[in-house]
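Below: one structure, written as structure tokens.
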Number of protein chains: 2
Amino acid sequence: MTLSSFFSVAAVDGAARTGLVQTARGAIRTPAFMPVGTQGAVKAMLPDHVAATGADILLGNTYHLMLRPGAERVARLGGLHAFMNWRRPILTDSGGFQVMSLAKLRKMTEEGVRFRSHIDGSEHMLTPERSIEIQGLLGSDIQMALDECTPFPATHDQARTSMELSMRWALRSREAFGAQEGHALFGIVQGSTYEDLRSRSVGALIKIGFDGYAVGGLAVGEGQAKMFDVLDIACPLLPNDKPRYLMGVGKPLDIVGAVRRGIDMFDCVVPTRSGRHGQAFTKYGPINLTNARYAEDLRPLDAASTCPASTEYSRAYLHHLFKAKEYLGPMLLTWHNLHFYQEMMACMRAAIAEQRMDAYAAAFEADQELGEAEDPRPEANQE
Amino acid sequence: MTLSSFFSVAAVDGAARTGLVQTARGAIRTPAFMPVGTQGAVKAMLPDHVAATGADILLGNTYHLMLRPGAERVARLGGLHAFMNWRRPILTDSGGFQVMSLAKLRKMTEEGVRFRSHIDGSEHMLTPERSIEIQGLLGSDIQMALDECTPFPATHDQARTSMELSMRWALRSREAFGAQEGHALFGIVQGSTYEDLRSRSVGALIKIGFDGYAVGGLAVGEGQAKMFDVLDIACPLLPNDKPRYLMGVGKPLDIVGAVRRGIDMFDCVVPTRSGRHGQAFTKYGPINLTNARYAEDLRPLDAASTCPASTEYSRAYLHHLFKAKEYLGPMLLTWHNLHFYQEMMACMRAAIAEQRMDAYAAAFEADQELGEAEDPRPEANQE
């Protein structure tokens, strides 16, 4: 990637920025939310509908795809974009996080991590070099350096040892990636909740030099306050001319708070996973459609939403779909939630451009915490 | 329904007919295939996409809907059409067939059938009058008389007793329905595989008088040859100016054969259920996408199909989706199969209008039985 053209900031409002990340497959408007397409598909969504919600980029999971259908197979089939019928950019993670959370019989060494597949028990080795090779075979537009996601909580010693390994792997990832016109490589800041370690990690990554910088090791149980503390440490140290990506985050208020601290990119399974389980995000906070109070609620999911999943169906119908375990329930609620997230991102981009991000965030947070009025009909609250 | 306007035949070719069934919610082009929306949703499909395949009418299942969400609730919520966001006509069955196949502790009497819900064990009574009441609460455009679907095989005595009960219930259904402008009621021919009983059943129904006539008690294990024999008996006895509906049928060659015998309407779970389990209907017969031979098959599902589910994805991708148990597999294959069925119906309507139904059927059957050429690449046949 020609670094000068990769990221451009159009406007700044406090620490928040709005701009464009440029890839060979198109531009990504920031702040950006990346829906998660773990196994080469955003669960319960047609790719056209994902794009129509306003998603400029998807995330694919290297761990899942290397095991099934296999990176070499995806390459033979023309790469991940053609395979899954998604023509816009794709960011892939390194596989490291999910090896640690999903694989069996993991053995971590300086070289990498040896593990057995959770699908068929087959043995695999993931090294920084192999991770970059796999991400290349997939045809990923933005690739991630292999790191170890430090578990939380960790002692200072544990966090330091883990971060230092990640920094050595970051260098090896950078060397394996080389220079690839039209593709980008991000490094990942580690160091748990320790200011000195986060600061040293940022320094080490900048010295190596990446097209963008991710903040990793968060959203692992530390809570929103500690997460924001880490962003308050890391973001000011990161170069202003490179995108900043907060991995695996989060709920709407996590994202708004992180944008205000200077984060440009996000990915999270929350909108899709919640949607499959009956939870919808709305202007006035999340609601759970499986609750009996919605059995005769003729209101749309969210009166403020323009998503067809919200405007064409009642809460009563969605409640029924989840009770009856119909595919259409997860399909509609996933769609609605992805639309909600992308609307939120679009509103933040506009607010930053117009220097009113603080006011937007305050109003958004107030609405989210307000909750909605109960349906006034008494019979609506019982099934 | 004003009977004179309900069904009009535009063209006849041998025993096959093409025409229009008129309802208050729009016209149904015949021969017509009705996708099944058992629980108020066509499984794994958006209503807009069902309509886009060319479906003019859906079938809803009275048994499922009376138990969940309940007919009175659907009525309070504005009727089934508004509830499920389907604005075209809906035909509902009487509930009788599924009471016998799904409910617990059934007790059949002259009055009706008492049973316990398979969902929560609650007790219900389905009579001809209650079935019509429920179908009215749902807002069904075409309603079915309550009958007993005679099991196969049945002795002549069993089949006669069962058919006679169904004819008494048909009369009670007719009386309960009365005259409803814009809505229609169909009677159901029973009598198992016995020519004399089928003939007597047709006579009894015509004497009562219905807006259309269904042939029931088929596709219950008797096989295609016996099913066609029954149609050869029943269709010529049925009035030419009323639509004929073959319930629960079927596979593509069943439908083509039945159209040639004078059937106008069909419903079946085959395209949707097969789609959820990885089977796709194609010009050259069904294929099972879970088969390892498709793991690297870059061809579309069916080169002859214009359905986005077929043109935008490879067999290799669909194979992966089913292996990975992604929602998108059933979503795409259901869509493809419904499109295939509606294309087949459209081709038959055109062939009948142009007096070439025999040639169409012969070519269709030859292609279906031909099967497709194997993928020439040796590596494509192993995973």
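The values are calculated or read from the model by the stated rules, or taken from the named source; none is laboratory data. These numbers were taken from a predicted model, which means no experiment stands behind them. Neighbour counts run over all protein chains shown; Cβ positions are idealised from the backbone, glycine included.
The table that follows gives values for the structure above.
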| quantity | calculated |
| --- | --- |
| Residue tally, condition among the small types (Gly, Ala, Ser) and within 14 Å of chain B (Cβ to nearest Cβ), over region A:263-280 | 1 |
| From the options A:Lys323, A:Lys283, residue that is within 13 Å of another protein chain (Cβ to nearest Cβ) and of a type outside the set (Asp, Glu) | A:Lys323 |
| For A:Thr311: the one exception among (1) under 22 Å from the mean Cα position of the chain (by Cα); (2) among the polar types (S, T, N, Q); (3) within 14 Å of chain B (Cβ to nearest Cβ) | (1) |
| Filter result (within 14 Å of chain A (Cβ to nearest Cβ) and part of a loop (DSSP other than H, G, I, E, B)) within region B:80-124 | B:Asn85, B:Trp86, B:Arg87, B:Ser117, B:His118, B:Ile119, B:Asp120, B:Ser122 |
| Filter result for the condition that a residue is more than 14 Å from chain A (Cβ to nearest Cβ), modelled with pLDDT of 95 or more and more than 22 Å from B:Phe33 (Cβ to Cβ), over B:Asn291, B:Asn381 | B:Asn291 |
| Any hit, region B:340-350, residues being surrounded by fewer than 17 Cβ atoms within 10 Å (Cβ to Cβ), facing another protein chain (nearest Cβ under 10 Å) and of a type outside the set (Lys, Arg) | no |
| Candidate set: region A:340-359, residues that are part of a helix (DSSP H, G or I) and of a type outside the set (A, V, I, L, M, F, W, C); chosen: the one farthest from A:Val36 (Cα to Cα) | A:Asp358 |
| Matching residues in region B:8-59 - criterion: being among the acidic types (Asp, Glu) and either under 21 Å from B:Pro236 (Cα atoms) or assigned to a loop (DSSP other than H, G, I, E, B) (or both) | B:Asp13, B:Asp56 |
| Condition broken by B:His124, with the remaining ones in (1) modelled with pLDDT of 95 or more; (2) surrounded by fewer than 24 Cβ atoms within 10 Å (Cβ to Cβ); (3) in contact with a strand residue (DSSP E or B) (Cβ under 7 Å, 6 or more places away or on another chain); (4) within 19 Å of B:Thr23 (Cα to Cα) satisfied | (4) |
| Complete set of residues in region A:14-59 that are without any contact (Cβ under 8 Å) to a residue 12 or more places away in the chain and crowded, with 22+ Cβ neighbours inside 10 Å | A:Leu46 |
| Looking only at region B:134-178, and only at residues there that are surrounded by fewer than 17 Cβ atoms within 10 Å (Cβ to Cβ) and either in contact with a Cys (Cβ under 6 Å, 6 or more places away or on another chain) or hydroxyl-bearing (Ser, Thr, Tyr) (or both), the one that is farthest from B:Gln98 (Cα to Cα) | B:Thr155 |
| Residue in region A:121-139 that is of a type in the set (D, E, K, R) and more than 25 Å from A:Arg168 (Cβ to Cβ) present | no |
| Residue satisfying condition, being free of Cβ contacts under 8 Å to residues at least 40 places away in the same chain and either within 18 Å of the chain's Cα centre (by Cα) or in the same structural domain as B:Leu80 (by TED's automatic domain parsing) (or both), within set B:Ala225, B:Ala145 | B:Ala225 |
| Restricting region B:125-157 to residues that are of a type in the set (Gly, Ala, Ser) and assigned to a loop (DSSP other than H, G, I, E, B), the residue that is nearest to B:Ile188 (Cα to Cα) | B:Ala145 |
| Of residues in region B:49-106 being of a type in the set (Val, Ile, Thr) and under 15 Å from the mean Cα position of the chain (by Cα), the one farthest from B:Leu338 (Cα to Cα) | B:Thr62 |
| Count of residues meeting criterion [among the hydrophobic types (A, V, I, L, M, F, W, C) and assigned to a helix (DSSP H, G or I)] in region B:214-251 | 9 |
| Extreme residue, nearest to A:Thr92 (Cα to Cα), among residues of region A:158-195 that are in a loop (DSSP other than H, G, I, E, B) and among the small types (Gly, Ala, Ser) | A:Gly182 |
| Residues that are over 18 Å from B:Thr53 (Cα atoms) and crowded, with 16+ Cβ neighbours inside 10 Å, drawn from region B:262-278 | B:Gly262, B:Ile263, B:Asp264, B:Gly278 |
| Condition check for B:Ser8: more than 17 Å from the chain's Cα centre (by Cα), without any contact (Cβ under 8 Å) to a residue 40 or more places away in the chain and away from chain A (no Cβ under 11 Å) | yes |
| Matching residues in region B:60-79 - criterion: being within 30 Å of B:Gly217 (Cβ to Cβ), within 14 Å of chain A (Cβ to nearest Cβ) and outside any loop (DSSP other than H, G, I, E, B) | B:Gly60, B:Tyr63, B:His64, B:Leu65, B:Met66, B:Leu67, B:Ala71, B:Val74 |
